[in-house]
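Handing you a structure now.
The values are calculated or read from the model by the stated rules, or taken from the named source; none is laboratory data. Since the structure is predicted, the reported quantities are computational estimates derived from the model, not experimental observations. Don't worry about glycine lacking a Cβ; one is built from the backbone with ideal geometry, like all the others, and counts go over all protein chains shown. These area figures cover heavy atoms from the full protein model, side chains too; ligands, DNA and RNA do not enter into them. Shrake-Rupley method; radii C 1.70, N 1.55, O 1.52, S 1.80 Å.
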Amino acid sequence: GYFAWPHLSMVDTSVANEECVGPSSEAAGKASGCEGCPNQKACAEGEGRKEDPDIPVIRQRLADVQHKVLVLSGKGGVGKSTMAAQLAFSLAARGLRVGLLDVDICGPSIPQMLGLRGQTVHQSASGWSPVYVMQPASDGSDDDVELGVMSIGFMLPNEDDAVIWRGPRKNGLIKQFLTDVEWGVLDYLLIDTPPGTSDEHISLVQYLGKVMGPRDGAVIVSTPQEVSLMDVRKELSFCAKTKLNVLGVIENMAGMLAPLSAVSFRDASGADVSAHALELIAARCPELLPLSVSYDVFPSARGGAEAMAAAFKVPFLGRVPLEPELTRACENGRSYTAAALRNGCVDVVRPIVERLLQATRDADADAAAPMAM
């Protein structure tokens with residue numbers, strides 16, 4: 001099928017024939033594959049070569065956003081929103097100016113994961129104002145840092161109401177998010193997307209095509225097993241076809257990591273003997289108590305996400321295990337990074353954030369370097 005990149009056509013390609021040559025093509029409306037297409041007349045008249053008038057508005061609105069990062073996955077349930085939320089928290093904790101846009105129209109999780117359920121969007125003459133969440137800075141200073149968030153979850157009169165929208169209405173809201181939200185100056189805008197490669201993803205890539213820099217792009221989230229990888233490979237293929245830069249792949253739920261003290265011990269009958277087991281360990285081998293227990297939950301298929309990233313020649317950002325504190329942070333709408341710092345624990349998200357920062361900084365340096373003559 002056809003994908004209009006980077007030009008955003010005035011023609012609705014979602015109803016085009018499978019053999020579509022593309023509305024911006026000189027053969028549009030005239031090729032044999034155009035017969036019977038509802039867009040044939042418009043394409044033949046050149047409508048497909050006209051740029052959507054909202055593209056300059058989006059360009060102007062995002063002019064002060066240094067890096068745009070889409071968080072994608074072809075598979076649902078892999079922790080994409082978890083990664084988007086905690087990456088945003090962690091980046092903001094470093095003093096960076098961060099925005100998080102939730103375009104998962106039918107399943108907005110971000111208000112819960114940011115502790116913002118029940119909040120509403122405020123409108124002004126300059127557009128929609130993001131909802132802000134405050135958190136401590138990671139440098140130990142007394143200054144709080146803020147993180148701006150926008151989601152359809154802030155607009156629903158009842159958060160349990162289903163959003164039953166067809167593609168055009170979803171695309172209309174995505175465009176409104178991009179044209180109307182007043183983000184101001186940002187270092188990073190993270191965009192949490194629904195799973196798949198459908199209308200929302202096509203619209204985002206088309207709308208953002210002319211405002212994305214050399215190191216803007218996508219972070220792809222997967223879990224280790226083949227049932228996830230087989231769909232995430234489709235997402236990587238989508239990125240290749242649309243020329244969307246892949247900043248890196250994250251393997252989420254890469255094993256289970258838990259402190260020994262949090263593990264439940266059971267005897268052969270299934271009865272809980274945790275207290276007795278921990279007493280024995282404390283009495284006979286106390287040096288084990290500070291350790292954590294790690295084990296694989298999902299089978300790693302053919303090298304997991306790292307091997308998949310290598311096959312597609314894209315960076316691998318690292319693995320994030322199933323970690324109880326990370327799960328609690330998302331359930332309670334708070335920063336896992338701040339909790340890890342406060343409790344003196346290892347921050348399993350930190351290496352991912354550092355590699356993402358390094359990737360964008362390398363590109364910034366490349367862009368600033370003088371060209372060789």
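Please verify whether GLU226 is over 26 Å from VAL57 (Cβ atoms), of a type in the set (Asp, Glu) and open to solvent by 20 Å² or more (accessible area, probe 1.4 Å), treating the condition exactly as stated.
yes
Select from the stretch 39-60 the residues that are free of Cβ contacts under 8 Å to residues at least 24 places away in the same chain and not in a helix (DSSP H, G or I) and write down the one among them that is most open to solvent (accessible area, probe 1.4 Å).
Ranking the candidates gives GLU45 first.
Which members of the stretch 89-104 meet the condition of being among the polar types (S, T, N, Q) and open to solvent by 10 Å² or more (accessible area, probe 1.4 Å)?
Of everything in the stretch 89-104, nothing turns out to be among the polar types (S, T, N, Q) and open to solvent by 10 Å² or more (accessible area, probe 1.4 Å).
Within the stretch 181-217, which residues are at pLDDT 95 or above, in contact with a Pro (Cβ under 7 Å, 6 or more places away or on another chain) and either in a loop (DSSP other than H, G, I, E, B) or charged (D, E, K, R) (or both)?
Once the filter is applied, which keeps residues that are at pLDDT 95 or above, in contact with a Pro (Cβ under 7 Å, 6 or more places away or on another chain) and either in a loop (DSSP other than H, G, I, E, B) or charged (D, E, K, R) (or both), the stretch 181-217 yields only TRP183.
Can you tell me how many residues within the stretch 158-211 are within 17 Å of the chain's Cα centre (by Cα), open to solvent by 40 Å² or more (accessible area, probe 1.4 Å) and within 20 Å of PRO53 (Cα to Cα)?
Residues that pass the stated criteria total 2.
For residues in the stretch 138-153 being open to solvent by 10 Å² or more (accessible area, probe 1.4 Å) and of a type outside the set (D, E, K, R), which is nearest to THR197 (Cα to Cα)?
GLY153
Also, I was wondering about something else. Say we look at the stretch 298-326 and pick out the residues that are touching a residue at least 40 places away in the same chain (Cβ under 8 Å) and charged (D, E, K, R); which of these is farthest from ASP231 (Cα to Cα)?
GLU323
Provide a single number: the residues in the stretch 64-74 that are buried (at least 22 other Cβ atoms within 10 Å of the Cβ) and in a loop (DSSP other than H, G, I, E, B).
Of the residues in that region, 2 qualify.
Right, something else. Pairs needed: first member in the stretch 7-21, closer than 18 Å to SER198 by Cβ; second member anywhere, β-branched (Val, Ile, Thr) and modelled with pLDDT of 70 or more; C-beta distance under 9 Å; at least 6 residues apart or different chains.
Filtered contacts from the stretch 7-21: LEU8/ILE55; THR13/ILE202; SER14/ILE202.
Among the numbered criteria (1) out of contact with any Gly (no Cβ under 7 Å at 6 or more places or on another chain); (2) of a type outside the set (Phe, Trp, Tyr); (3) open to solvent by 20 Å² or more (accessible area, probe 1.4 Å); (4) more than 23 Å from ARG361 (Cα to Cα), which single criterion is violated by ASN17?
(1)
Inspect the stretch 169-180 for any residue being at pLDDT 90 or above and in a loop (DSSP other than H, G, I, E, B) and give the result as yes or no.
no
Working only within the stretch 313-324, note down all residues that are surrounded by 19 or more Cβ atoms within 10 Å (Cβ to Cβ) and under 24 Å from LEU291 (Cβ atoms).
Answer for the stretch 313-324, where residues must be surrounded by 19 or more Cβ atoms within 10 Å (Cβ to Cβ) and under 24 Å from LEU291 (Cβ atoms): GLY318, ARG319, VAL320, PRO321, LEU322, GLU323.
Sticking with this one: If the Cβ limit is 6 Å and pairs must be 6+ apart or interchain, which residue in the stretch 81-98 that is of a type outside the set (Gly, Ala, Ser) and assigned to a loop (DSSP other than H, G, I, E, B) pairs with which residue that is open to solvent by 10 Å² or more (accessible area, probe 1.4 Å) and modelled with pLDDT under 95?
Every condition considered, the pairs that remain are ARG94/SER138.
Is the stretch 277-292 home to any residue that is closer than 30 Å to SER237 by Cβ and either surrounded by fewer than 16 Cβ atoms within 10 Å (Cβ to Cβ) or not hydroxyl-bearing (Ser, Thr, Tyr) (or both)?
So far as the stretch 277-292 goes, no, none of its residues is closer than 30 Å to SER237 by Cβ and either surrounded by fewer than 16 Cβ atoms within 10 Å (Cβ to Cβ) or not hydroxyl-bearing (Ser, Thr, Tyr) (or both).
Related question: Report yes if some residue within the stretch 261-268 is open to solvent by 50 Å² or more (accessible area, probe 1.4 Å), within 18 Å of GLU325 (Cα to Cα) and outside any helix (DSSP H, G or I); otherwise report no.
Among the residues of the stretch 261-268, at least one is open to solvent by 50 Å² or more (accessible area, probe 1.4 Å), within 18 Å of GLU325 (Cα to Cα) and outside any helix (DSSP H, G or I), which makes the answer yes.
Checking THR337 against (1) part of a loop (DSSP other than H, G, I, E, B); (2) of a type in the set (Val, Ile, Thr); (3) open to solvent by less than 40 Å² (accessible area, probe 1.4 Å), which test does it fail?
THR337 satisfies every listed condition except (1).
Still on this structure: Which count do you get for residues in the stretch 297-309 that are outside any helix (DSSP H, G or I) and surrounded by 13 or more Cβ atoms within 10 Å (Cβ to Cβ)?
Counting residues in the stretch 297-309 that are outside any helix (DSSP H, G or I) and surrounded by 13 or more Cβ atoms within 10 Å (Cβ to Cβ) gives 3.
Can you work out which of the residues in the stretch 229-243 that are more than 23 Å from VAL353 (Cα to Cα) and among the basic types (Lys, Arg) is least open to solvent (accessible area, probe 1.4 Å)?
For the stretch 229-243, the residue satisfying everything is LYS234.
A follow-up question, please. Listed residues GLN86, GLN112; which is closer than 17 Å to ILE152 by Cβ and either crowded, with 16+ Cβ neighbours inside 10 Å or at pLDDT 90 or above (or both)?
None of the others qualify; the one that does is GLN112.
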